[in-house]
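Here the structure is laid out as structure tokens; the discussion comes afterwards.
The values are calculated or read from the model by the stated rules, or taken from the named source; none is laboratory data. This one's a predicted model, so the numbers in the text were calculated from it and none came from an experiment. With ideal geometry, Cβ positions are generated from the backbone for all residues, glycine too; neighbour counts draw on all protein chains shown. Calculation scope for accessible area: heavy atoms of the full protein, side chains included, ligands and nucleic acids excluded. Shrake-Rupley method; radii C 1.70, N 1.55, O 1.52, S 1.80 Å.
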Amino acid sequence: MGGRGAAFWTVILASLAVTLLAPLAGPQAIGLPALLHPGASGVEGEIFWRIRVPRVCTSFLAGSSLAAGGLAFQALFRNPLATPFTLGVASGASLGASLYVGLGLGFTLLGFSGETAASFAGAMLAVGFVYSLSRLKSGFTTGGMLLAGVAVSFFFSSLILLIQYMSDFTKSFNILRRLIGGIQVVSFGPALNLLPFALVGSVVLVSLAHELNLLSVGEDIATSRGVDVRRVRKVVFGVVSLMVAAVVSICGPIGFVGMMAPHMARMMVGQDHRRLAPAAIFFGGGFLTLCDTLARTMIAPVEIPVGVITSLLGGPFFLWLLLGGQGGRIS
Amino acid sequence: MKDAAVAVENFSLELGGATILREISFSVRPGDYLSIVGPNGAGKTTLLKCLNRVLTGGSGSVRIFGRSLEEFSQRELARRVSYVPQLDGRSLPFTAAEFMAMGRYPYLSAFSGIRQQDRRELNDAACRAGVEDLLERRLDTLSGGERQKVFIAAALAQGAEIMLLDEPTTFLDYRHQVEVRRLLSELNRRGGKTVLAVTHDLNSALTGCNRAIALKRGELVFDGSPAELLRESRLREIYRTGFTFIEQPGSALPFIRPGEAL
């Protein structure tokens, strides 16, 4: 237990350290005076406080949300490959956002941008589909569900292509840009938009740690121990869709973070979701921040979209899990 | 009159258009040890799962200590009824101690951990099931018999009066069969647990229990004492095969072997 406790704090602190140091990385060196005076003018201060810090905040919140969502789905479906992305939630959200852009809509809903609302609607559509599939037929395997997720993703991608094809050049380019997940922000606005989703979602999922533990053993055991499986499933589906939709509406689909981050956290702190959930959430934030820092510094001044980097890492990782890599069992 | 621990009345269940259980009625007194027997596909496991809402739906009524099943929250139900599923190959990346601690779920709130009271219950359960030495082991690394004892210990930790067990001894080696049977019998006699165990092995099922019911194609075809169940004509009717009865010195029940005498 002691070893696991130490691992837990190492994960939390390392993730925070990466996040705090990340704004310092970049082609423009930042001097101490600029760091200490957020309001002061000057190029260094501008770059640090107006560009890098908002960007790191966004990437941390986005990474945390994706990791939390991935972790919850992995427990719910008892499969490390079952994440919001593999089950089609992200493509649903992308479809929603593409429709919003393609149709040239402009509205706000309850204080959130229309794009967030459209992404959420798309995400719910995908989740609703997968959810009813899982209820429709008892004994529907997780493997079957993953394949259904692939089918949903393909179908939605085709719809996105159709929307793109029908749109004019500017809109089409806009859609394309958001299909490549990336964190291009120049204000605190996006981070503030993400914050309520990331915060509330994380608290809800951490509060379900006992339930996630039991669900990862099996629904029969969970039910017999007193978990209201139906309610938990609904809450998880709803909360995760919201979190992922919020991320997708701001950063586009950033793939594989929801699969890799929880799995790596699990390898370090173990299966107990009371530790694992907070660890995965912090680790996801630190992980995406690190990837994004690499994305904007590796071949600076050119930026690689961070979605490209996470996918380049995630593809091989997926295959490794599929081949029975440590800790996971694909049923 | 004291409420029955479990009272099932006219319970029927359809799944996917097929009738799995048809108008089942039986009741179990507190302190009973009931074996539920019958051939494959008779609906034994399904019936067991309906008693603690692992499966939902169905018509008719199920009452636990006089209270209708629908009136229980899942948590309340878990404090009265615990469950040991059939041993299967599912992956269980937890230690025995972690897994047992999950048995305390019905007593925990969202952010709370295991308290002193829970710890006592867990220790007690581990002692009674004889799994103290396995607590730090990962479930994946345990043998079937060891795992089964941990599952029973976890069910005990739930502190429920009624224990439901699905094929508790079926895939175990002889030593563990004996140990698990003895453990269940002890929990029933000294621990005051009401035990409902599904099994298809009559010899192991009927030692220790004081009552048996038999299902055949979803219908209840027998309800009575083990000795009454072990009649040639009755078994032939239930299992559609002959049996050989071998008297056992020192036991009221004969040993039975499927198939006619050679």
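At-a-glance table
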{"read-out": "Residue pairs, from the table A:Lys234/B:Lys149; A:Lys234/B:Lys193; A:Lys234/B:Lys49, whose Cα atoms sit over 29 Å apart", "value": "A:Lys234/B:Lys149; A:Lys234/B:Lys193"}
{"read-out": "Equivalent ellipsoid dimensions for the protein assembly as shown as semi-axes, Å, which come from the Cα gyration tensor, largest first", "value": "55, 26, 19"}
{"read-out": "Debye, to nearest 20: dipole size of chain A, +1 on Lys, Arg Cβ, -1 on Asp, Glu Cβ", "value": "580"}
{"read-out": "Qualifying aspartates and glutamates (Cα of each under 12 Å from Cα of B:Lys44; at least 8 residues distant if same chain)", "value": "B:Asp166, B:Glu167, B:Glu219"}
{"read-out": "Cβ-Cβ FRET estimate between A:Glu303 and A:Thr170, R0 fixed at 30 Å, reported to 0.05", "value": "0.90"}
{"read-out": "Dipole magnitude of segment B:80-205, debye to nearest 20 (Cβ charges: Lys/Arg +1, Asp/Glu -1, about Cα centre)", "value": "340"}
{"read-out": "Per residue, the convex hull volume that the Cα atoms of chain B enclose (Å³)", "value": "152"}
{"read-out": "Mean separation of Cα contacts under 8 Å (6+ apart) over length of segment B:6-229, as relative contact order %", "value": "31"}
{"read-out": "Sparsely packed chymotrypsin sites (Phe, Trp or Tyr not before Pro) within segment B:9-66, loop by DSSP, other Cβ within 10 Å at most 15", "value": "none"}
{"read-out": "Cα gyration tensor shape of segment A:232-277, rounded if a/c is under 1.5, else prolate or oblate by comparing a/b with b/c", "value": "oblate"}
{"read-out": "Förster-model FRET efficiency, 41 Å R0, A:Leu199 and B:Glu186, C-beta, rounded to 0.05", "value": "0.20"}
{"read-out": "Accessible-area ranking of A:Ser224, A:Ser113, largest first, probe 1.4 Å", "value": "A:Ser113, A:Ser224"}
{"read-out": "Solvent accessible area, Å² - A:Val18, 1.4 Å probe, full protein context", "value": "50"}
{"read-out": "Within segment B:102-198, GluC sites (Glu not before Pro) in DSSP loop having at most 16 other beta-carbon neighbours inside 10 Å", "value": "B:Glu136"}
{"read-out": "Chain A: C-alpha gyration tensor shape, a/c 1.5 cut-off, then a/b vs b/c", "value": "oblate"}
{"read-out": "Furthest towards positive pole of dipole, A:Ala300, A:Met243, A:Leu323, structure part chain A, Cβ charges", "value": "A:Leu323"}
{"read-out": "Separation in nanometres of the label points that stand 7 Å from Cα toward Cβ, at B:Arg29 and A:Ser157", "value": "6.7"}
{"read-out": "Rounded to the nearest 20 debye, dipole of the protein assembly as shown from Cβ charges on Lys, Arg, Asp, Glu", "value": "280"}
{"read-out": "Shape category assigned to segment B:210-257 from the gyration tensor of Cα positions, a/c cut at 1.5", "value": "oblate"}
{"read-out": "Farthest toward positive dipole pole in segment B:6-229 [+1 Lys/Arg, -1 Asp/Glu at C-beta], among B:Ala97, B:Leu13, B:Leu122", "value": "B:Leu122"}
{"read-out": "Distance from segment A:35-77 to segment A:252-331 (C-alpha centre basis), Å", "value": "16"}
{"read-out": "Accessible area, probe 1.4 Å, largest first, for residues B:Ile152, A:Ile30, A:Ile51", "value": "A:Ile51, A:Ile30, B:Ile152"}
{"read-out": "Restricting segment B:189-253 to trypsin sites (Lys or Arg not before Pro) in coil, as DSSP defines it, with at most 12 other Cβ within 10 Å", "value": "B:Arg190, B:Arg240"}
{"read-out": "Total accessible area lost when B and A pair, probe 1.4 Å, Å² to nearest 100", "value": "2400"}
{"read-out": "Chain A - percent relative contact order, Cα under 8 Å, separation 6 or more", "value": "32"}
{"read-out": "Full-extension gain in nm, B:Glu71 to B:Ser109, via 0.36 nm per residue minus C-alpha separation", "value": "11.6 nm"}
{"read-out": "Surface accessible to a 1.4 Å probe, per residue, for the residues of the protein assembly as shown, Å²", "value": "43"}
{"read-out": "Residue among A:Pro80, A:Leu192, A:Thr310 farthest towards the positive dipole end of the protein assembly as shown, charges placed on Cβ", "value": "A:Leu192"}
